[in-house]
Every structure is written in C-alpha cells, then in structure tokens.
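Quick notes on the structure that follows.
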Protein chains: 2
Amino acid sequence: MRVLLVGAGGVGTAVTRIAARRDFLTHMVVTDYDLARAQAAVAALGEESSRFTAQRVDASDQEAVRRILTEQCCDVLLNATDPRFVMPLFQAALEAGAHYLDMAMSLSAPHATRPYEECGVKLGDEQLQQAQRWEEAGRLALVGMGVEPGLSDVFARYAADELFDDIEEIGIRDGANLTVEGYDFAPSFSIWTTIEECLNPPVVYEKDRGWYTTAPFSEPEVFDFPEGIGPVECVNVEHEEALLIPRWVDARRVTFKYGLGNDFIAKLKTLHELGLDSTAKVTVPGQDGPVGVSPRDVVAACLPDPAGLGDRMTGKTCAGTWVKGTKDGAPREVYLYHVVDNEWSMREYGSQAVVWQTAVNPVVALELLATGAWTGEGVLGPEALPPRPFLDLLTEYGSPWGLRDQG
Amino acid sequence: MRVLLVGAGGVGTAVTRIAARRDFLTHMVVTDYDLARAQAAVAALGEESSRFTAQRVDASDQEAVRRILTEQCCDVLLNATDPRFVMPLFQAALEAGAHYLDMAMSLSAPHATRPYEECGVKLGDEQLQQAQRWEEAGRLALVGMGVEPGLSDVFARYAADELFDDIEEIGIRDGANLTVEGYDFAPSFSIWTTIEECLNPPVVYEKDRGWYTTAPFSEPEVFDFPEGIGPVECVNVEHEEALLIPRWVDARRVTFKYGLGNDFIAKLKTLHELGLDSTAKVTVPGQDGPVGVSPRDVVAACLPDPAGLGDRMTGKTCAGTWVKGTKDGAPREVYLYHVVDNEWSMREYGSQAVVWQTAVNPVVALELLATGAWTGEGVLGPEALPPRPFLDLLTEYGSPWGLRDQG
C-alpha cells in the first residue's frame, strides 16, 4: 500500500513512527506546508526511513494534492491536518481515484437564529452529501478515523454487535490526568482547535427527535475514568461521534462529553467573555505602528506548543465509549476504553500520549484496508465496518483496550 | 489660580467640567499627547470655555512641561495621566517652582527574591524621597489626591481627629454594582492599569512590623457596601493608602481591599495563568508576515473603552474608609464613604461615575489651596492636611459623603 500523508505536525509525525514498524506499508509520501517538518519526520525514522519520502504541499491546493496522488501512485490519502483542510483533500482523493482517511470531519456552521436548539450545517455534512459519488467511483472515504472520532465509533459498533440486544444510550467520554511540569497551564492539544470545538454548540442525537444542539458546556456530569485517572467533570462538546454513530448503530441517544474539568471550562468561558476566542482581527500597537492581529492567535502564541511538551508531561489519557442498555433481558452498562500512559508513549515512540493515541488508529485502519480485512465504498464512519479485526490489531500494536462492566 | 492640567482622558475631561463651575479658577491650560482630545474637552465646556485653553504636550518630556508651566505662569500642575508619567511631571513642577497634584504615585518594583513577603521599591518611594527638596523650595507636592488614594486618606485623618481615641485598623474598601448593558464583561476602568495593580504584590502596614507584602488577591472578605450596593468580595490590592496613611495617622494596621468580586478575580487569574497579562511581546501572524505584539495590549483592545461606557452603564460606585478602634473607652467601628450614582454623574456632568468620582477630589483640593484653607510645603499625602474643610467643600460640590456607624 502506497500512502500520501498530508500534515507532518504532532499527529502526522507519530503516524510515520507507528507505520514504520509495520510491513503492510510499501511507501509513504510525507508532506507538509513546511518541508523541513516533513523531512524531520522522515529523518527521525532512521533505518526504516527508506520507505518514506518527504515533499512540500499546500493542503488547501486541491489540484497540487491530486497531482501528487497520481504521480506517486498512492492508493490512499491520510489527512493529518486541521479540519480547515478536510474538503480540498477529500475532493483531491476522489478526483485522483484514491481512498481517503481523516481524523476530523468537515466543519459545522451554527443555526442562524436558534444556535443552541437547532443544527445548522452539521459536522461532516459536506462530506456525507457526496457519498454517492464515492460509491460510484468504487472508492472509500473512511471519515473520523482517529481515536475520537475513530476508536470510539469502533467501540460503539462492537457493543451493538456483541454486548447488547438493545441500546438506550451511547456516550463517548474522554478524560485525562495529564500534568505538565513547570507550567500553570499547558493544554496537551491545540488551544486553537479546542476553542473551536468547545465554543460551538454541542450536538446530541435522540431517536425520537433527531439531532439537536445545546449550549456550550451543557449537562455537566462527573465520570470516573479507569486506570487511576479517576473522576473528571465532563460536559457536552460538539464532536463527530454524535453525528456518525446513529447512522450505523441503533441507539436511542448518543452524546459526546469531554472531561475538560472545571478549571479548563472556566478558562474557555473567560476567553469567550473577554472576546479573546475571536478570530476577527483587533488593532494593537506594533513595532512600526498599529497592526491587526487575531486574538485567538495571540492566546495560542502565549501557550507552549503541545506537541513539544511530552518530556515534561506526566499522566494518562483515556478515550472511550460508555454504553447503557440490555442483554438477554437484563440491564447492562459498560465502558469500553483505551488508555495511553505518556511515559510509555514517550519511551516507545518519542510521542506525547494524546498525539500518539490519535495517530495509532488510522494506521491500524490502513493495515486492515491493505490486508482486505476492511473493505468498503462510499463515505463511511468507523462504525460501518466490523469492529473485531480492528480491536484485535490494536492490541497486536502493543496498545490494548479495556472493558469495564459497571451494570 | 492658574492650573496646568496634563492628560485630557476620561478623568482629565471630567476635571475640566467640574472646575468650570467654580470661581477659584482663573485659567486652566488643558494638555494632552493628542491635541484633539484636549481641544474636545475645552470645546465641550460651552460658554465657560473662555477660562480654558488647549495645548499639546508629551508628558514624558520633562523640559517641555517645565517650559509650559513657566510660559503660562501656572501656580500648579495637576497630573491626570497614567502612573508611568508621574516622575517627569513631578520633577517638571519642582523645577518650574509650581505646586503639584496627582492621583496615583510613582510605581513600585517587587522584591527580587521574596516578592510576596517583602517590599522592594514601594509605591511613591521615588516621590517621598524628594520631600526635602520640595520643602526647601517652599512648594507643595500633594500626592495621591484622587478618590482612592485621596478622599479615602482624608476620611482616615478625619476618623483619627474626630471619631476615635485609638485606632486598631484602617481598611480602605472599594466596591460597586455597576453593570454595562450589551456586554458580558466591560470593566469600568482601564484593564491595563487594573492588571498592573491587581497582579503586583499587595502591601499591608502593621505598626509592629512595618510594611510587608502578600500574594495577589490574598485575605478575601465580604464587605457590605452602603446605598444598595450590598455585599461584594474584596481582596488585598497594592494601593497608595497603605503607604500614605501610616505616615500621618496613628493606626496599628492599614490595608486596602478592592471589591473586584469573584468573577473579576477569576478573570484576572486566568489572564495571568495564560500569560495574557504580560507586556513582553509574542509573535503572531499579521497581514504582511509575523508581527510582535504585547498580549496585555490585545486584552485591552478586545474590551470596550471604559470612558465611553457611561451611557450604557447602570449602578453606583463606592469608595470609603472602614475604621475600627475605641472612643471614650468604648469600641467603635465606622465606614466613611462616598457613593456616586452613574445616572446622576451622566446627567449632571456627562461623565461616567468612576471617572467623575476620581476627578472631583483634586478639584476640591485645588480650591482649598486657592483659598488658603489648605497650605503646605514638601511632599504630603491628603491625610497630612485638615480634613473638615475638604469634606465640607465636597458636600458643597453637590456630592455628599456618608458615615455608617457599625460598632
């Protein structure tokens, strides 16, 4: 299998390190807007680097991406950029006749008049509307194939197939106990993206009602995370799972709650109240007179780069799927989860835990596509495909998942 | 009396409106870095404007200020700029043989190794060290003569002279219930200055111990403010009164607590934890490539200009001095205070409440100096002079003070 990887940031770099250990990969073209980043990712692979080449590409330039896919005879495009670039990359793959994987879906737009009650353009709508074109082309766009969305969706399908007869609710729950030495506050992921997803109206699915939105940070609950992480306050956040799971799995309710914790929520609210989450430029004094800058860029610039914090980070991150329903007539409740200890991911891969946990899942999916264990056409979520092979291969990668029966 | 007013911002503009109604003023030269601001302040005075002229001056240019004082034969310089310009203006007045008034004192610098225990350079130290030069010149520098410091210091002296035999503690307490329509969050005063004073180590005076510092926002207490404002959480903040009052008034303890409220304190802490209070530049994308900007400037640019909010503001602001001690052998506790209702100050003067309350006090002081009710030489705080004439004249200005006996 020949893969075009677009984006050699934290997640893209971890993808190369994980894929380099697997035989299914014939060649990976590692690309980035910053060629030096792509080259650094390849160089770090040492003797395994022969199967990798680095190249510069602008992810927003659909035609340039299509050309590389064709010239390099790539079977699949793996998108490891931020969600602003989903649509040009998705289109480029279709035009080149390649399969496509990403870890976040096309962006939403809030409802014009009732943003906290009704959906406007939903996450992924732009992609899912093109399902027929992908089916006709006989190609697969496997969307939302990171850890969340991604592994969380695989867990949902696994629960429906093997653990439950009837599902009342599926709730994705994400929490961590990561701390970073020497910083009062150092998010383990992009603050720019966190602001985007946390301040958008969260979306909830109910079978009787369809999809609807609520206010940011709504319905707080304390969820007890496994493997020593413990209780963390979780709130509704806009996330792909609430859109994907109901399309392939039968459940009366689907939610996503993020264990931001009180402190982080308060900080995000403050940024919003002060207008510092805005991307609209404000005018401030610069060296040579007034300059226009985006407040959200300034917030990001004041914080350390999350991908570079692995060495100073301690703790674990947990992604998982809580399911409530019945089996053989009896009530049942489980939490299917995947925990990564930063100490382990740094030692094994030199990658920070959150970044590594995101990166491993699309590599597992690529391997299943390469071996034919997974096949498909159209635009599919991870829950459209058989979960067992995925979960078994993830364990084979040295990163087992867990099940907590809490019924 | 001929006065040079330096600074025609919110407070300076309110000074012109208050002084225009009083006969003691022969002439006021209104100056600002931005000539248009000075001209606008004068033009707004209508038929009273004949006693006022506008002129441009750079407050940091000591020699230029001295020249204007001499050329315009000014008896006194009233400083209505921010504290960065205290020292050049203070020196210019001394060199020109003029008296000097300000509303904030020379800036502090924290102790190098124990910032939250010991004082470094204290607020006002630079000015007070020059007391002898002012005495020798037979001129008066009346420092900290706004509302806080200013009226609050007059209250302290009044309490010592007329209400107490022995004072255990003097605590300045400042609180408000101002809200601004159409904004989640809109401070009624400069956020730049608020960050400076609130994030510096607060200073406390104790007779046995002298001056010492504590951590920002230390010793929270709920203080019940009069005239319907009600209870507000107050915390220690670095302020001039704790430095001035013990020099002229006998008290075992002097504190300053600001009714920031939980919400405002949390916001300031968040700005600090995110590094957004910093004045050191960070690099962000600009229109034509990377630019360096100060995060604190960006925070200020995201918020509305406090001086322009009067029309959308509702509520009252209270400045005052709480005193605990004994009188005639019995314990006594009073709160001496001054409340301004924004609705009243907007109607009467077109000035927002916080700005007007600051501006009225130096005008009262100028009138007392003009009539000879107040005289002095050297560098003095408001508590060095007899309080009665000041309090009576403030009432005559239509803005009475109050006393709450809470013993």
Search the structure for amide H atoms under 5 Å from the amide H of residue B:291, placed 1.01 Å from N in the peptide plane, and list their residues when 5 or more places away or on another chain.
B:284, B:286
Please list 3J(HN,Hα) in residue order for segment B:226-238, calculated via the Karplus relation 6.51 cos²θ - 1.76 cosθ + 1.60 where θ = phi - 60°; whole Hz, with x for glycine and proline.
x, 6, x, 6, x, x, 9, 6, 10, 9, 4, 9, 5
Taking 0.36 nm per intervening residue step and subtracting the Cα-Cα distance, what contour gain separates residue B:283 from residue B:208 on full extension?
22.2 nm
If r is the Cβ-Cβ distance from residue B:71 to residue B:47 and R0 is 35 Å, what FRET efficiency results, to the nearest 0.05?
0.85
Nearest-0.05 FRET efficiency for residue B:34 and residue B:262 at R0 = 51 Å, using Cβ-Cβ distance, is 0.90
Beta bridges by DSSP in chain A, antiparallel share as percent, to the nearest 5:
60
Could you work out the equivalent-ellipsoid semi-axes for segment A:98-230, taking the square root of 5 times each eigenvalue of the Cα gyration tensor, largest first, in whole Å?
27, 21, 19
Taking the Cα centroid of segment A:273-351 and of segment B:266-333, what is the distance between the two, rounded to the nearest whole Å?
28
For segment B:304-367, what proportion of DSSP beta bridges, expressed in % and rounded to the nearest 5, is antiparallel?
100
Assign unit charges at the C-beta atoms only (+1 for Lys and Arg, -1 for Asp and Glu), then state the dipole size of the protein assembly as shown relative to its Cα centre in Debye, rounded to the nearest 20.
880
Inter-copy distances for residue A:224, label 7 Å out on the Cα-Cβ vector, sorted ascending, nm, one decimal, are 4.4
Please compute the modelled spin-label separation between residue B:218 and residue B:84, points set 7 Å along Cα→Cβ, answer in nm with one decimal.
2.9
Starting from the Cα of residue A:257, draw a straight line to each of the lysines and keep only those under 24 Å, dropping any in the same chain fewer than 8 residues away.
A:122, A:207, A:267, A:269, A:316, A:324
To check you understand DSSP bridge types, tell me what percent of the beta bridges within the protein assembly as shown (both residues inside) are antiparallel, rounded to 5.
60
In debye, nearest 20, what is the charge dipole magnitude of segment B:2-101 about its Cα centre with +1 on Lys and Arg Cβ and -1 on Asp and Glu Cβ, if you could check?
200
How compact and how long is chain A, expressed as Rg and Dmax of its alpha-carbon atoms in Å?
20.6, 73
Taking Cα pairs under 8 Å and at least six residues apart, what relative contact order does chain B come out at, in percent?
19
If you put a point 7 Å past Cα along the Cβ direction, how far is that point for residue B:373 from the same point in each other copy, in nm, smallest first?
9.1
Report the Cα-based extents of the protein assembly as shown along its three principal axes, largest first, to the nearest Å.
99, 57, 50
Taking a point 7 Å out from Cα toward Cβ as the label site, list the nm distances between residue A:26 and the same residue in every other copy, smallest first.
9.8
For segment B:344-358, Karplus couplings with θ = phi - 60° (6.51, -1.76, 1.60), whole Hz, Gly/Pro x
5, 5, 5, 5, 7, 10, x, 10, 4, 4, 5, 5, 5, 4, 5
Euclidean distance of C-alpha centroids, segment B:185-252 and segment A:12-40, integer Å
57
Phi-based couplings in Hz for segment A:175-187 (Karplus 6.51, -1.76, 1.60; Gly and Pro marked x):
x, 8, 10, 6, 10, 10, 5, x, 10, 4, 8, 8, x
Compactness ratio of segment B:1-113: Cα Rg over 2.2 N^0.38 Å, N = residue count?
1.06
Which GluC sites (Glu not before Pro) from segment B:215-298 combine a DSSP loop assignment with at most 16 other Cβ atoms within 10 Å?
B:227
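Values in this text are rule-based calculations from the coordinates and carry no lab data. Computed from a predicted structure; not experimentally measured. Positions of Cβ are generated from backbone atoms using ideal geometry, with glycine treated the same way; all protein chains shown enter the neighbour counts.
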